[in-house]
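Contents: one structure, followed by commentary.
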Amino acid sequence: MKDIVIGIDLGNTNVKCILINKEGDILGLYKMPSNLMSDSAFGTYLDSRKISGTIVKLCREAAKLISGYTIKGLAITSLGCAGIFLDENDRQIVFPDARVSADFPHGLENYMNTCGYPRGYNSAGMQLAWMMSENLEYSKKVRSFLSVVDYVNFFLTGVKKRELTTAGSMPFMDKINSTDWFEFLNICRIEKSVLPPVCQSGEFIGCLTADAAMACCLPEGTPVFAGGHDYLCGAFAAGCIREGDAVNVLGTFEMFATFFNSPQKDFYDSRVCSFMDFHIYPGSFTITAEHGCISFIKKMLADSKDMPLEQRFIQLDKDPKSQSVLANAIVSLNNQTAETLRYMRRVSGDKPIRSIKVIGGGSNSRFWLQNKANTLDMPVTALRIPEATALGAALLAGYGCGLYASHEEASHVFDNAESEQFEPM
């Protein structure tokens, strides 16, 4: 029997699961469009039932591929700023969107340096803080708050924990001291019991319950380990863990991140949407900037629905003039990335950015990457590893179950993966 691990990524555009062995060989991959949202009287919301149903379907597809293998563990990755509110019976509560003001909450010094996010940054955690601080009647029903990653772990194991990198996407964490930000929690009247204990990426959460195992068609007792924030799992799979490393994720949103061995201060620039996160790699931090990406392209092409986006990219690489709208959208995105790179260089100071690794769906477009290298005036390297975010989660499961002796070893599994470098022209 051969040991394998499973990584599952719940993305905005697609969801996918991937099976690998210790050497990083991909033994199975299943992907389908995301369908995690529902409508309510309060508007569109992230539906816990659809999340659970999606996990069950992904696991059942994985179960078809595991004959002859032993599953040593699985881990989940997803976006960081979304979350699920649960009542005393662990049923989801749906609230109206909170229109949080840019100066909320009042009375906290050194706000962005402490939690790493600008005031008013839209997240489920900020929504909870606003509701609790306003003492609204329906907010009193909340007994647990979980990120998407944490909710899936709870669904599979019955155990509530907060994975550090997604917990750090909320305003509750003091990144200077790597603890909960108790002053924030007190001002916003958030009881500590609402927030489960924090755990590190790769840490053991629990084992599949009998009910979850039956639903997922996986062995009861399969270990579940903490995954993490999606773009950081991708960076981890790409081996971006040291100061000077930079990862550029071209997905629904474009994320540009560089890494540090300590929390950073005074990095805010009003021209760039940026924030500080904990990294998957223990003791490491990231400064990250984001802007629209595939979402921006789809908006630009909203009136042109005669051809799938994937086919447009193929035509673009053959003849850029055949897809002028798409080409112009990519040029515009790369110009934004150039501004981001200038910002990152200012933030990095004496820690120069050595290289840029590109992952995500957009990394398959040669036009995009060559134009990016030209615009940034530095080489960019496209890693030809499929579904890097799901792979990062699988690597964390591999560390958790002992396939890899350390986070360091896990982060180097794909060091020799196929890649292509684009030089500025």
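The values are calculated or read from the model by the stated rules, or taken from the named source; none is laboratory data. In this text the structure is predicted, and so the values were computed from the model without any measurement. Ideal geometry is used to build each Cβ from the backbone, glycine not excepted, and the neighbour counts take in all protein chains shown.
What to note about this one:
For every residue, the table says whether it meets (1) outside the structural domain of VAL380 (by TED's automatic domain parsing); (2) on the phi < 0 side of the Ramachandran plot; (3) modelled with pLDDT under 95.
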residue	(1), (2), (3)
GLU203	yes, yes, no
ASP211	yes, yes, no
CYS217	yes, no, no
VAL224	yes, yes, no
GLY251	no, yes, yes
PHE267	no, yes, yes
PHE275	no, yes, no
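- Taking the range 116-175 as the region of interest, the helices (runs of 4 or more DSSP H) fully inside it that hold 3 or more residues being modelled with pLDDT under 95 and either surrounded by fewer than 19 Cβ atoms within 10 Å (Cβ to Cβ) or not aliphatic (A, V, I, L, M) (or both) are 124-133.
- Residue check for LYS141: assigned by TED's automatic domain parsing to the domain that holds LYS57, under 23 Å from THR222 (Cα atoms) and touching a residue at least 24 places away in the same chain (Cβ under 8 Å): no
- Selected residue [within 19 Å of the chain's Cα centre (by Cα), aliphatic (A, V, I, L, M) and assigned to a loop (DSSP other than H, G, I, E, B)] from ILE280, ILE287: ILE280
- Of the criteria (1) touching a residue at least 40 places away in the same chain (Cβ under 8 Å); (2) closer than 30 Å to PHE267 by Cβ; (3) assigned to a helix (DSSP H, G or I), which one GLY400 fails: (2)
- Selection status of CYS81, in the same structural domain as CYS207 (by TED's automatic domain parsing), buried (at least 16 other Cβ atoms within 10 Å of the Cβ), assigned to a loop (DSSP other than H, G, I, E, B) and within 20 Å of the chain's Cα centre (by Cα): yes
- Count - residues of the range 307-320 that are surrounded by fewer than 13 Cβ atoms within 10 Å (Cβ to Cβ) and modelled with pLDDT of 95 or more: 2
- Selection of helices (runs of 4 or more DSSP H) fully inside the range 298-381 by the criterion of at least 1 residues being over 26 Å from the mean Cα position of the chain (by Cα), within 25 Å of LYS31 (Cα to Cα) and touching a residue at least 40 places away in the same chain (Cβ under 8 Å) returns 309-318.
- ASP90 meets the conditions (1) surrounded by fewer than 22 Cβ atoms within 10 Å (Cβ to Cβ); (2) in contact with a helix residue (DSSP H, G or I) (Cβ under 6 Å, 6 or more places away or on another chain) in every case but one. The failed one is (2).
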